[in-house]
Amino acid sequence: MTTTQRPLDSMSRGVRDAIVDQLRACKTSEEILDFENWFNRETNSGPLYEVICEFLRTRSISRGLAAKWLSILLNDRENKLKP
């Protein structure tokens, strides 16, 4: 099954900055997960983890920051998959 997604390259600098600012404003894992749920539900930019990976690829954010956010998202996924 093929899905079409809005290319991340077409995202304006202001939108990119707003997403990063919102993620940086999250102080707890729960806040990041709440933002992920909202982002994935309300936008057509793709899943948040793909956006974070794109930010990392284009060096829009630091490796440490990306690792922190991705670790939270992946740990949540792992916990949901455990029986």
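The values are calculated or read from the model by the stated rules, or taken from the named source; none is laboratory data. The structure displayed is predicted, hence computed values, not measured ones. Don't worry about glycine lacking a Cβ; one is built from the backbone with ideal geometry, like all the others, and counts go over all protein chains shown. For the accessible areas, the whole protein counts, side chains as well, though only heavy atoms, and no ligand, DNA or RNA atoms are used. Shrake-Rupley method; radii C 1.70, N 1.55, O 1.52, S 1.80 Å.
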* Asked: Once Rh for the chain is found with the Kirkwood sum over Cα pairs, what is the Stokes-Einstein diffusion coefficient at 25 °C and 0.890 mPa s, in µm²/s?
  -> 183 µm²/s
* **Square roots of 5 times each gyration tensor eigenvalue, C-alpha, the range 25-65, largest first, Å** => 18, 15, 6
* Structure fact -> Of the accessible area of the chain, computed with a 1.4 Å probe and all protein chains kept, carbon and sulfur make up a percent value of 52 percent
* Enumerate the calculated ³J(HN,Hα) couplings along the range 13-23 in order (Karplus 6.51 cos²θ - 1.76 cosθ + 1.60, θ = phi - 60°), each rounded to whole Hz, writing x wherever the residue is Gly or Pro. => 4, x, 5, 4, 4, 5, 5, 4, 4, 5, 5
* Taking trypsin sites (Lys or Arg not before Pro) as exposed when DSSP calls them loop (any state but H, G, I, E, B) and at most 12 other Cβ atoms lie within 10 Å, what is the longest stretch of the chain free of them, the sites themselves excluded? -> 28-58
* **Å² of accessible area per residue within the chain, as computed with a 1.4 Å probe and no ligands counted** => 70 Å²
